[in-house]
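Here's the structure, in structure tokens; my notes come after.
The values are calculated or read from the model by the stated rules, or taken from the named source; none is laboratory data. Keep in mind that what you see is a predicted model, and the values were worked out from it rather than measured. All Cβ positions, even for glycine, are placed from backbone atoms using ideal geometry, and neighbour counts span all protein chains on display. Areas reflect the complete protein model, heavy atoms only, side chains present, ligands, DNA and RNA absent. Shrake-Rupley method; radii C 1.70, N 1.55, O 1.52, S 1.80 Å.
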Amino acid sequence: MKLSIIKFLVVLGILFFLAPLVLTSLSAGWRWPMLWPAEISWRSWEYLFSGQSQTGIAVFNSLLIACGVTIVNLGLAIPAAYGLIRFPLKGKLIVQIILFAPLVIPPFVSLMGIHFTFIRLGLTESLPGLILAHLTPTLPYMIWALLSSYRTVGPEWEEQARMLGANGLQRMIHVVIPFLLPGILAGSSLSILVSLSQYLITFLIGGGQVITLPILLFPFISGGDPALGAAYALLFIGMAFLALFILDCLLKWSYRRVN
Amino acid sequence: MWLKIRPYLLLMPAVGLTLLLFFGGLALGLLQSLGLFSISGGSSFTFEWYQTLLVDQAFWKSFWLSFYTAGISTLISAVLGILTALGLLRLSYKWQRMTQFALLVPHFIAGYVVILLFMQSGWVSRWLHAFGLIDSIEQFPILVNDPFGWGVILTYIWKETPFIALMVYPVLARIYQSWLEVAQTLGASRLSFFREIVLPLVLPAWLASALIVLAFTFSAFEVPYLLGVTFPETLSVFSYQTYLSGSLEERPLALAVNFLLAVATGFLGWIAYQWSKRWSVQGWKGW
């Protein structure tokens, strides 16, 4: 196949995906069989950015949960991945099965089981409860990214630093972390992205009281106002894209620093 | 002594939290589905809810729907995924990044775009009309919120194809890098190179990623909830409806469905793990 055809298909695929969202978000009474809306209406976008919509608080909550989850994940995964890769370990297989199980068994299954306990502990309808709930689907990705990053730090480097008299903390800060930075950023991107995309477990634990972007968006796309649904979908994509773009810039910067 | 327990100490927070939150949830769900720790009061061990499920026609309809939508989506995405990965081999890094766009979009938004494209008054039917292929809106088949699940299958195909492509891409790239020239010098055509060398080497990674997709599509909730019909519904939607819309007494039924989902997806994940292990242990050594 010609190279240009492959490129054409990629561009066409992305356009064919974005076009219906953009057109629908700008449409008002877009009748079949018209290919394009007869008139452009900014109603949905005006509503989205107006005070009556809950866009601001939804974006804020979504980002707050995603960042909270990512910070906790880093705290858990940096030592865990180190332990998995650096030491001979009895029951390594079991540990891996435990840590990676939430990648295949859907987290909502476990969350429905623990839902009642969350209610008793007063964790439902709260941000800490949601951060806890989002940990299960995101932690395996963080560990996975860090594991591949740890493989690039040979133990020799740490040996070297130890010989030169660096203590544990200094070795961590000056040797391990710089090598680990790409993995930290890749894991954070995945963790943020997966957390931003959660609907069902946010709905279960948040009880519809904590508004995140998926919670706000879902009623519109499941048979609500199509124009608003499309506008919110685009906002979501834009937000996820921006978050990943920032992390990607940091990633490039960190590569340059390591090299 | 310190050195011996150190890795366990390092692993304890992550493993402990996963055990508590995830496996704790699974265990609590299992116990409740067996009639213990009932929310509505009373606690007695019973297989009643599983018996109810196994004789329920609606449950088997749901099982079958989940099974074939997942199966069809997985088969098609696996084939398209490896073709996409072959196409990616020829593209520069920048272009490869653009295809990762598909991974950025969550499933429910992908599902919504499928609705906008493929509903009877959707964009595809408008284009077909513009080209004179259909005259009226009724001539376009019902592909969204249809009883068969075409909309669900379409959404999964376009979400899982890039996933499989990106999972097999590193393996493919490595195979082509190390073996293509040798094979060509020895006179292999591109097709026979693919059949004799690439396929056997890429197979474990390919099958493992397809199994992960099968486990996911079999149990995921958002897409069938958005693009499905009220009856039959997939197991995940069945569980959700029973849990939230049913009475408190019926919740063990939802948790029984959940436990079956956990067993099925866990089993698929286990096979996938075995395959990918075989590939990473034996496969990498020779080349």
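Would you confirm, using the coordinates I've provided, whether A:LEU111 is of a type outside the set (Ser, Thr, Tyr), in contact (Cβ under 8 Å) with a residue 60 or more places away in the chain and more than 20 Å from A:LEU247 (Cα to Cα)?
Criteria met by A:LEU111.
Looking only at the stretch B:125-151, how many residues end up being closer than 30 Å to B:LYS61 by Cβ, open to solvent by less than 30 Å² (accessible area, probe 1.4 Å) and not in a loop (DSSP other than H, G, I, E, B)?
2
Within the stretch A:6-39, can you find the residues that are closer than 29 Å to B:LYS94 by Cβ, within 9 Å of another protein chain (Cβ to nearest Cβ) and either β-branched (Val, Ile, Thr) or touching a strand residue (DSSP E or B) at 6+ places or on another chain (Cβ under 8 Å) (or both)?
Within the stretch A:6-39, A:ILE6, A:VAL10, A:VAL11, A:ILE14 qualify.
For the stretch A:150-175, how many residues meet the condition of being within 13 Å of chain B (Cβ to nearest Cβ) and either within 30 Å of A:VAL210 (Cα to Cα) or without any contact (Cβ under 8 Å) to a residue 40 or more places away in the chain (or both)?
2
Select the helices (runs of 4 or more DSSP H) contained entirely in the stretch B:1-92, then report the ones holding at least 2 residues which are open to solvent by 80 Å² or more (accessible area, probe 1.4 Å) and closer than 30 Å to B:PRO200 by Cβ.
B:57-88
Would you tally the residues in the stretch B:93-122 being of a type in the set (Ser, Thr, Tyr) and buried (at least 16 other Cβ atoms within 10 Å of the Cβ)?
2
Kindly list, by first and then second residue, each pair from a residue in the stretch A:95-108 that is at the interface with chain B (Cβ under 7 Å from one of its Cβ atoms) to a residue that is among the aromatic types (Phe, Trp, Tyr) and surrounded by 20 or more Cβ atoms within 10 Å (Cβ to Cβ), limited to pairs with Cβ atoms under 6 Å and residues at least 6 apart or on different chains.
If the second residue must be among the aromatic types (Phe, Trp, Tyr) and surrounded by 20 or more Cβ atoms within 10 Å (Cβ to Cβ), the pairs left are A:PRO102/B:PHE22.
What residue, of A:LEU123, A:LEU147, is open to solvent by 10 Å² or more (accessible area, probe 1.4 Å), in contact (Cβ under 8 Å) with a residue 40 or more places away in the chain and under 22 Å from B:SER245 (Cα atoms)?
Only one candidate passes the filter, namely A:LEU123.
A:GLN198: open to solvent by 20 Å² or more (accessible area, probe 1.4 Å), over 24 Å from the mean Cα position of the chain (by Cα) and assigned by TED's automatic domain parsing to the domain that holds A:ARG86, yes or no?
no
Go through the stretch A:176-193 and give me each residue that's within 11 Å of chain B (Cβ to nearest Cβ) and either open to solvent by 30 Å² or more (accessible area, probe 1.4 Å) or modelled with pLDDT under 90 (or both).
A:LEU190
Residues that are of a type in the set (Phe, Trp, Tyr) and closer than 30 Å to B:VAL55 by Cβ, at least 1 per element: which helices (runs of 4 or more DSSP H) completely within the stretch B:167-281 meet that?
Fully inside the stretch B:167-281 and qualifying: B:199-219, B:222-227, B:235-245, B:251-278.
Exactly one condition in (1) crowded, with 21+ Cβ neighbours inside 10 Å; (2) within 12 Å of chain A (Cβ to nearest Cβ); (3) aromatic (Phe, Trp, Tyr) is false for B:TYR156; which is it?
Going through (1) crowded, with 21+ Cβ neighbours inside 10 Å; (2) within 12 Å of chain A (Cβ to nearest Cβ); (3) aromatic (Phe, Trp, Tyr) one by one, B:TYR156 breaks only (2).
Is the stretch A:214-224 home to any residue that is farther than 29 Å from A:ILE119 by Cβ, within 11 Å of chain B (Cβ to nearest Cβ) and of a type in the set (S, T, N, Q)?
no
Got a number for residues in the stretch A:113-156 being over 17 Å from the mean Cα position of the chain (by Cα), assigned to a helix (DSSP H, G or I) and among the β-branched types (Val, Ile, Thr)?
Looking only at that region, the number is 3.
Look at the stretch A:14-44 and say how many of its residues are of a type in the set (A, V, I, L, M, F, W, C) and crowded, with 17+ Cβ neighbours inside 10 Å.
5
So which residues in the stretch A:24-52 are without any contact (Cβ under 8 Å) to a residue 60 or more places away in the chain and within 29 Å of the chain's Cα centre (by Cα), if there are any at all?
Within the stretch A:24-52, A:GLU46, A:PHE49, A:SER50, A:GLY51, A:GLN52 meet the criteria.
Go through the stretch B:96-132 and count every residue that is among the basic types (Lys, Arg) and either more than 8 Å from every other protein chain (Cβ to nearest Cβ) or touching a helix residue (DSSP H, G or I) at 6+ places or on another chain (Cβ under 8 Å) (or both). Write out each step before concluding.
Here is the first cut: in the stretch B:96-132, the ones among the basic types (Lys, Arg) are B:97, B:126.
Subsequent filtering for residues that are either more than 8 Å from every other protein chain (Cβ to nearest Cβ) or touching a helix residue (DSSP H, G or I) at 6+ places or on another chain (Cβ under 8 Å) (or both) retains B:97.
Summing the residues that are among the basic types (Lys, Arg) and either more than 8 Å from every other protein chain (Cβ to nearest Cβ) or touching a helix residue (DSSP H, G or I) at 6+ places or on another chain (Cβ under 8 Å) (or both) in the stretch B:96-132 gives 1.
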